[in-house]
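Data first, discussion second: the structure below is written as structure tokens.
The values are calculated or read from the model by the stated rules, or taken from the named source; none is laboratory data. Computed from a predicted model, the values in this text were never measured in an experiment. All Cβ positions, glycine included, derive from the backbone under ideal geometry; neighbour counts span all protein chains shown. Note: areas computed on protein heavy atoms with side chains; ligands, DNA, RNA excluded. Shrake-Rupley method; radii C 1.70, N 1.55, O 1.52, S 1.80 Å.
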Amino acid sequence: MSAKANPPCRHLQSLAMLLASTRPQGALLTPTPWLAWSLACVAMILGAVLAGRDLDRQMLLDIQTQLRHWPVPWAFLTWSGLGICGFVLLTSLSAQEPRRVAALILALLIGGVIVHAMKRTLHVDRPATYFGPDHPVFQVIGKVLKKGSMPSGHSATAWAVAALLVLQEGRATIWRHLWWILAALQAISRLVVGAHWPSDVLVGSGMGLLLAPLTWRLQASARLAHWLRRPQVCKVVALSLPGFGLYLCLSRQGWEVPLGVQLGVMALCAWGAWSWWQASARPTMREGAA
């Protein structure tokens, strides 16, 4: 009896292995990132509850008191949270997975509209406006911002980029943890440089965590990713990345980029350009996940 049952079992095992190996490229390894969505909702709720309270202001002063002694690293982290920095980083690392780039483009567009609409609607003053230039504890590193504090666009970008970089990780890796740590530090940097309240950062971080998986699942993301796989488009991306790198190095976004960071940015863009140029030599594949 058992001898007769073994061949069908082997056939079923072979079929299961075949289905696993032929999973469409670009499909999510986790069907629904419930943990990320739950954390995003909790962060946004906490930010909404905290906004405008004395605890919000006291938390900002406490964080600045503890972390204000390293202005250059914090200025670098807040600069790296810019949308264009996140785009360059993710694009340079995603020649094998253009679905990430497609999802980030949509996240930046949708998130940008939502963030700016909230800023114009809520009219929350920045910490520099509230505390003024003569406060004994509060300080600003870089450009002094006055209006449009809620929510933090840098935090939204940082967490969206991190989420897209780890979406397809099937197991915990050192890089997966590093992306989350980088996003957390970029969000905290907005407090240390005096640009946002903790409530702004919480709401922005939650928005980024929500937008990344949502835009990944949009049909427009699948179509855009399929277009990005075309050889001609891959070559355009490859040629564009060094230009983006030069813009980041030469433009002043509230921080004068040191030479070492400039060299690192150009090295990353060069590697990304080479990867995308290599990708142009591969046949176009249909994006499997919608």
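General remarks:
- Total residues in the range 58-105, condition aromatic (Phe, Trp, Tyr) and assigned to a loop (DSSP other than H, G, I, E, B): 1
- Residue in the range 82-98 that is of a type in the set (D, E, K, R) and more than 16 Å from GLY272 (Cβ to Cβ) present: no
- Positions within the range 183-224 being open to solvent by 30 Å² or more (accessible area, probe 1.4 Å), in contact with a Ser or Thr (Cβ under 9 Å, 6 or more places away or on another chain) and closer than 12 Å to THR157 by Cα, in sequence order: ALA184
- Residues of the range 267-278 that are open to solvent by 60 Å² or more (accessible area, probe 1.4 Å) and in contact with a Cys (Cβ under 8 Å, 6 or more places away or on another chain): TRP277 alone.
- Residue pairs meeting the criteria (Cβ under 8 Å; at least 6 apart or on separate chains; first of a type in the set (S, T, N, Q), in the range 123-141; second outside any helix (DSSP H, G or I)): THR129/LYS146; THR129/LYS147; GLN139/ARG68; GLN139/GLY194
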